[in-house]
Protein chains: 2
Amino acid sequence: MAAPGRLTTTPDGRLAGLGVHGGRLLDRLAALAAVGDTGDGGNCRLACTDDDAGGRELVVGWMHELGLDVRIDRVGNVVGVRDGTEAGAAVMTGSHIDTVRTGGRYDGTLGVLAGLEVLRTLDDAGIRTRRPLAVAFFSNEEGARFPPDMLGSLAYAGGITLEEADAAVGIDGSTFGAELARIGWAGEVPVPGPAPHAFVELHIEQGPVLEEAGVAIGVVTGVQGISWRELTLTGESNHAGTTPLRLRHDAGLVGAQVAVAVRRIATVLGGARSQGKGPPNSSMVGTVGSLRLHPDLVNVVAATATMTVDLRNTDDDVLAEAERLVAAEVEALAAAEGVTARWRPLARFAPVTFDPDVVALVEATARALGSTTMRLPSGAGHDAQMLARVCPAGMVFVPSRAGISHNPAEHTDPDQLVAGADVLLHVLVGLAGIAAAPLVGAGA
Amino acid sequence: MAAPGRLTTTPDGRLAGLGVHGGRLLDRLAALAAVGDTGDGGNCRLACTDDDAGGRELVVGWMHELGLDVRIDRVGNVVGVRDGTEAGAAVMTGSHIDTVRTGGRYDGTLGVLAGLEVLRTLDDAGIRTRRPLAVAFFSNEEGARFPPDMLGSLAYAGGITLEEADAAVGIDGSTFGAELARIGWAGEVPVPGPAPHAFVELHIEQGPVLEEAGVAIGVVTGVQGISWRELTLTGESNHAGTTPLRLRHDAGLVGAQVAVAVRRIATVLGGARSQGKGPPNSSMVGTVGSLRLHPDLVNVVAATATMTVDLRNTDDDVLAEAERLVAAEVEALAAAEGVTARWRPLARFAPVTFDPDVVALVEATARALGSTTMRLPSGAGHDAQMLARVCPAGMVFVPSRAGISHNPAEHTDPDQLVAGADVLLHVLVGLAGIAAAPLVGAGA
């Protein structure tokens, strides 16, 4: 693993001052955004649709222009490899090009096209690396058409079999395998794929933290663990005028109390972490996004409340503690009102901690390039968390305006996109190692 | 106005020990319940339907059997009058025979048929009163087909014109006037009707208070004022994973906080009243029965919350104070979360306080008959509150099993129904005054 600080002392100094060609990167982002353009600034390239295929053709064409060895696996993951001067596992970057139905222009695509721009920049500068470099895009990262999300990278990392992936049922009743074959992108390379030497993904933050802090580069420390549960509270429907408060079994009231408790518990646990009891920026979040009452009438005490509780933390112990605290609170609140509570688990993903050396390298590289940095966890899932199962992995974030994503209004300023690509360039070279000058000269 | 305590010292002692014929009352309740029987123990006689007409024919037939002077007014209210020994305004009782779509057997019908049973009992005993006695049933009390509710008694009391009543639009698009004419029950007597000397209504409680207290007779002190408002909270939709708590504008959280605050404010104000700062049993209630989030997804912070706030109190000052406290709390909670709040008034009815002498008479009468009593306000609306606009009025409640009403499971034990009718008997005679023995003898 390359040590931080190495980049400014490259063997021949050729990396000092090197940067990607920003205009070229932005042009390619625009060209890809034209495929599945929704006309409102947004993109729709749901996995395994014709527009997904159109995007794939465009990107693979650019891979061939770069002379990459393009490998398409059985679940449609595409990996373009640039040889190093030594054999062995590649240093890989990449992300995805599928989108949600109302997607933006940068979610996923930035990581893929910045990776290709890095290779083009190295070509232009006549720089070869010791280890091979690879740029990948993984199938069905969004999961917006075929749950689960991150399906392609999960299969690449061996977390799901080909058969399981193919059998994933879409929201339209189709299956992933059949639809991938239909668009002609089921390749021959088996899954799981070869473990990279390391994996680094550039992505937009999709949250407001960097913008709010005025920081250019987010050094991603890991991906939050997720706990999704559904809570059904059952009380008694009663007349809102004739039933005294003390005789009520108001499921809606308990639902509201639980929602307030979720915020309070998340705030307390998040506050404890930020006061030095855990890693910095290990933010706890808790959300009640869905709450439905029945019969939901102005003059009737609610008989039932059905709600979701979304808890996330990068530390599995803290996440489990949040789950315990919420469950205890629900039990007490329900008992006080004479309401019964029933939990149903919806999803539970353990947190992912990125490789400390990769995290440190991203941070040192960004600072060496003059960028302001901030360590933060990712609240959303990414392909890098699947690759983290098989190799040292990390991520680079650039700011999202107002934190908006999965929305045509998704935006990152051009100079911020380019700054992220520059960090990716130097991190990849740092991980792959620059070849001795004679070899570089021979390759240029 | 008759003073409490008078009943046990009637001129000739003939009232002591007098009671209604319970079996006869229960038979008539069952006979009326057979019209619009829903087969599950419930009744459907929505206003101005053929089943409403069927119920009317049955009850008016019983009025004719009693030799009453039956008067049908322009909005279909029916008043059967039994002469007194003196001229002047009648002491009136009654209620309604229309039901909600899933109505029970006793809501309204008890008050009408107990009134008729009182007259039959007096006939049997050869007792005449000084003032005339009248039994009424008012049109469209439920408002379940034609809002507003209590339309007939409101028109009788002059609170709405004939034209306004006729123009009331039903949930099926029909109008009240046309449908009343269609079933043949638009009479000739003008509205508003003559002010009674006093009005007393026997009704099931429709709440759980009497049952819970183990009390036989509820002495109704008034009808709660009602404040219905809709609150729309507008925040910002955000990713539940990537948006730190401190950067959120979570409309759902504020909605939940408001629901909790409504319960707390109602509890505090209700508690203050029960600690001697107001009339006893002037219970404050507050309910958030409807709460809807948007987009209502597990992993998205809610952008909007739309909810209702139902506040009720018998004291208009306390009700207004509750409205102020809730509004102030909403303002503070919304500001703290960076959410905007918009109120829309839905309904506001001032409380009705029943005549203190009538209330005292109901209480003294029930006690003299050996019943346990409890003063309480009505949380639901009743015809008596409209009559209270034009004459001294009051109500007698009997217990509702588990507080259930507007439901086929609505139930009151037979002996409780009869006990209520006995109280009504003695209260009516107390208000009308018993005629001197010679005149009574002449009439028997």
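Read-outs: derived from the displayed coordinates by stated rules, not from any lab. Please read all numbers here as calculations on a predicted model, not as lab measurements. Because the Cβ atoms are built from the backbone with ideal geometry, glycine has one as well, and the counts that use them run over all protein chains shown.
Structure notes:
- Over the protein assembly as shown: helical MRE at 222 nm, DSSP H runs n ≥ 4 each giving -39500 (n - 2.57), nearest 500: -11000 deg cm²/dmol
- Put simply, the range A:225-349 fits an ellipsoid with semi-axes of 31, 13, 11 Å; these come from the alpha carbon gyration tensor as the roots of five times its eigenvalues, largest first.
- Length gained on full extension, A:Ala436 to A:Ala336: 28.7 nm, using 0.36 nm per residue less the C-alpha separation.
- Hypothetical label at A:Asp124: residues of the range A:16-41 whose amide nitrogen lies under 13 Å (7 Å Cα-Cβ projection): A:18-28
- Peptides A:311-318, A:17-24, ordered by how many other C-beta atoms sit within 10 Å of their residues on average, highest first, read A:311-318, A:17-24.
- GNM top mover of A:Met307, A:Met395, A:Met150 - chain A, alpha-carbon springs below 10 Å: A:Met307
- Under-5 Å amide H pairs with B:Asp315, H placed in peptide plane, nonlocal only: B:Gly225
- The DSSP beta bridges internal to the protein assembly as shown are antiparallel in roughly 70% of cases.
- Across the alpha-carbon atoms of the range A:179-260, the computed radius of gyration and Dmax are 25.5, 70 angstrom.
- Global form of the range B:358-420, assessed from the alpha-carbon gyration tensor, a/c cut-off 1.5: oblate
- Using a Förster distance of 30 Å, the FRET efficiency for B:Asp83-B:Asp413 (Cβ separation, nearest 0.05): 0.30
- Within 10 Å of the Cβ of each residue in A:223-232, the mean number of Cβ atoms contributed by other protein chains is 1.
- Once the Cβ-Cβ distance of A:Ala350 and B:Thr232 is raised to the sixth power relative to R0 = 51 Å, the FRET efficiency obtained is 0.85.
- Distant-in-sequence amide H partners of A:Thr372 (H built 1.01 Å from N, under 5 Å): A:Ala216, A:Ile217
- Long-range amide H partners of B:Gly222 with built H, under 5 Å: B:Phe354, B:Ser378
- Cβ neighbours within 10 Å from other chains - mean over A:373-386: 1
- Averaged over residues, the count of other Cβ atoms within 10 Å places the peptides B:119-132, A:417-430 in the sequence A:417-430, B:119-132, highest first.
- Think of the protein assembly as shown as a dipole: +1 on every Lys or Arg Cβ, -1 on every Asp or Glu Cβ, centred on the Cα centre; then among A:Gly289, B:Val112, A:Thr314, A:Thr314 lies furthest on the positive end.
- Over the C-alpha atoms of chain B, the Rg to Rh ratio, Rh being the Kirkwood estimate, stands at 1.04.
- The label-point distance for B:Thr102 and A:Thr102, in a model that sets each label 7 Å from Cα toward Cβ, rounds to 3.5 nm.
- Degrees separating the helix A:251-272 axis from the principal Cα axis of chain A, which is the longest one: 40
- Shape analysis of the protein assembly as shown based on the Cα gyration tensor places the equivalent ellipsoid semi-axes at 79, 25, 20 Å, largest first.
- Neighbouring Cβ atoms from other chains, within 10 Å of the Cβ of residues in A:257-264, number 5 on average.
- Derived scalar couplings between HN and Hα for the range B:111-117 equal x, 6, 6, 5, x, 5, 5 Hz in order, rounded to whole Hz, by the Karplus curve 6.51 cos²θ - 1.76 cosθ + 1.60 (θ = phi - 60°), x for Gly and Pro.
- Here the extension length gained between B:Leu162 and B:Trp343 equals 61.9 nm, from 0.36 nm per residue of separation less the Cα-Cα distance.
- The range A:170-183 - phi-based ³J(HN,Hα) in whole Hz, Karplus 6.51/-1.76/1.60, Gly and Pro as x: x, 5, 9, x, 6, 10, 4, x, 5, 6, 5, 5, 4, 7
- Derived scalar couplings between HN and Hα for the range B:150-158 equal 6, 5, x, 5, 5, 5, 4, 8, x Hz in order, rounded to whole Hz, by the Karplus curve 6.51 cos²θ - 1.76 cosθ + 1.60 (θ = phi - 60°), x for Gly and Pro.
- Efficiency of FRET from Cβ geometry, A:Asp40 and B:Thr38, R₀ 60 Å, rounded to 0.05: 0.70
- For the range B:163-217, the set of GluC sites (Glu not before Pro) satisfying both a DSSP loop assignment and a count of at most 15 other C-beta atoms within 10 Å is given as B:Glu188.
- Model label sites at A:Ala30 and B:Ala328, defined 7 Å from Cα along the beta-carbon direction, differ in position by 5.8 nm.
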